[in-house]
Amino acid sequence: MSVKQVEMVLAPREPHYVGDGFRVHNYIPSGYGLTMQRMDPFIMLDYASKFHFPPSPYKPKGVGVHPHRGFETVTIAYKGSVAHHDSGGGGGVIEEGDVQWMTAASGVLHKEYHSESFSQTGGDFQMVQLWVNLPAKHKMNNPSYQAIQNNLMPKIQVEGGLIEVIAGEFNGHEGAASTFSPVHLMNAKLNKGGKASLSFPAHYNTALIVIEGEVKVNGTEEVPLDHFVLMANDGEDFSITASVDSVVLVLSGEPLKEPIAAHGPFVMNTREEIMQAFQDYELGKFGVLED
Ligand code: MN
């Protein structure tokens with residue numbers, strides 16, 4: 001086994017708003033070379049760093065009805081809570097520590113707002129939204145939805161902390177979410193001085209985000225809060241050491257290596273499939289959802 005080196009450490013760029021409730025730093029796809037192809041199968045990642053929202057009791061903040069086709073949206077709540085509804089009748093509230101894994105596949109309409117209770121009180125809000133591409137043969141599956149409450153995630157002890165497995169596996173412990181291609185997604189929660197040793201195949205695309213605290217990768221590379229680390233495709237093994245109490249999101253996935261045709265909320269394999277998605281959307285084939 002050989003060491004997986006750090007390829008880049010990126011600072012969060014200027015935030016922008018998605019709707020009026022999600023103040024996000026975009027990491028994928030972005031400049032710095034983090035294209036959909038480079039990060040395959042991770043095609044989008046918006047990070048809402050911790051931000052205080054005042055109460056908004058009469059009108060929860062968020063994003064109105066919009067479609068998706070061809071991939072999965074994964075929402076990880078670190079602070080605050082989000083209510084979600086989709087045209088398949090699915091819905092619920094994602095509370096702190098929970099994950100929502102929505103397989104849009106052939107198409108859904110959905111909307112995402114700060115939950116009623118969060119809107120009443122206001123408070124700190126911090127989330128990750130990740131889009132995981134679907135293999136071509138699953139893009140037109142029926143939509144589905146996995147509500148993954150924090151207590152469903154296995155938590156494995158490491159030196160001075162734990163690994164919370166959302167999807168994939170860590171040291172033989174399988175995560176709570178089921179996926180359509182090999183994807184590992186986990187939180188490393190480490191006390192000051194704690195250390196997690198991780199290993200993924202060299203060709204898997206692998207990245208980290210420091211959600212809380214400050215860490216060192218491979219003992220030397222210092223990574224501040226809210227920064228994104230792209231790991232190189234040169235080896236398998238790396239370590240995260242916490243300089244202070246820290247939380248790090250770890251993502252690693254096997255590239256699908258299929259053509260990507262992306263336009264807004266649709267990610268397919270060909271331009272024709274994108275045109276079809278727009279047509280189906282206009283014909284109301286994504287169902288109905290009231291704003
Ligand atoms: Mn959405």
In the stretch 1-83, what percent of the accessible surface is made up of carbon and sulfur (1.4 Å probe, ligands and nucleic acids excluded)?
59
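Rounded to whole Å and ordered largest first, report the semi-axes of the equivalent ellipsoid of the stretch 35-76 derived from its Cα gyration tensor (root of 5λ). Before the final figure, lay out the partial values.
Values: eigenvalues 157, 48, 9 Å².
Values for the stretch 35-76, descending: 28, 15, 7 Å.
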All-pairs Cα distance distribution in the stretch 105-167, expressed in whole percent, bin size 5 Å
3, 11, 13, 17, 18, 17, 12, 7, 2
Go through Phe71, Gly33, Val82 and say which Cα lies farthest out towards the positive end of the charge dipole of the stretch 1-158; charges sit on Cβ, +1 for Lys and Arg, -1 for Asp and Glu.
Gly33
Dipole magnitude of the chain, debye to nearest 20 (Cβ charges: Lys/Arg +1, Asp/Glu -1, about Cα centre)
140
Which pairs in the list Lys4/Lys111; Lys79/Lys195; Lys4/Lys61; Lys61/Lys257; Lys4/Lys155 are over 30 Å apart, alpha-carbon to alpha-carbon?
Lys4/Lys111; Lys4/Lys61; Lys61/Lys257
Treating only Lys and Arg (+1) and Asp and Glu (-1) as charged, each at its beta carbon, one finds that the stretch 51-143 has a dipole about its Cα centre, in Debye to the nearest 20, of 380
Using the charge dipole of the chain (Lys, Arg: +1 at Cβ; Asp, Glu: -1 at Cβ; taken about the Cα centre), state which of Pro135, Leu45, Gly62 has its Cα farthest towards the positive end.
Gly62
The stretch 106-146 and the stretch 222-245 have their Cα centres apart by a whole-number Å value of 26
Report Rg/Rh for the stretch 172-291, rounded to two decimals, where Rg is the Cα radius of gyration and Rh the Kirkwood radius.
1.12
Per residue, accessible area of the chain with a 1.4 Å probe, heavy atoms of protein chains only, in Å², comes to 42
Sequence ranges 37-46, 82-91, ranked by mean other-Cβ count within 10 angstrom, highest first
37-46, 82-91
Of every Cα-Cα pair in the chain, the percentage lying beyond 35 Å is 14
Share of the stretch 136-185's accessible area from carbon and sulfur, percent, 1.4 Å?
48
Go through 255-266, 59-70 and give me the packing order, highest mean Cβ count within 10 Å leading.
59-70, 255-266
Kirkwood Rh and Cα Rg combined as Rg/Rh, the stretch 232-291
1.23
With springs connecting C-alpha atoms under 10 Å apart, model the chain as a Gaussian network and identify which of Glu159, Glu272, Glu222 has the largest mean-square fluctuation.
Glu272
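The values are calculated or read from the model by the stated rules, or taken from the named source; none is laboratory data. The model shown is predicted, which means the values in this text are computed figures rather than measured ones. Virtual Cβ from ideal backbone geometry, glycine too; neighbours counted across all protein chains shown. Note: areas computed on protein heavy atoms with side chains; ligands, DNA, RNA excluded. Shrake-Rupley method; radii C 1.70, N 1.55, O 1.52, S 1.80 Å.
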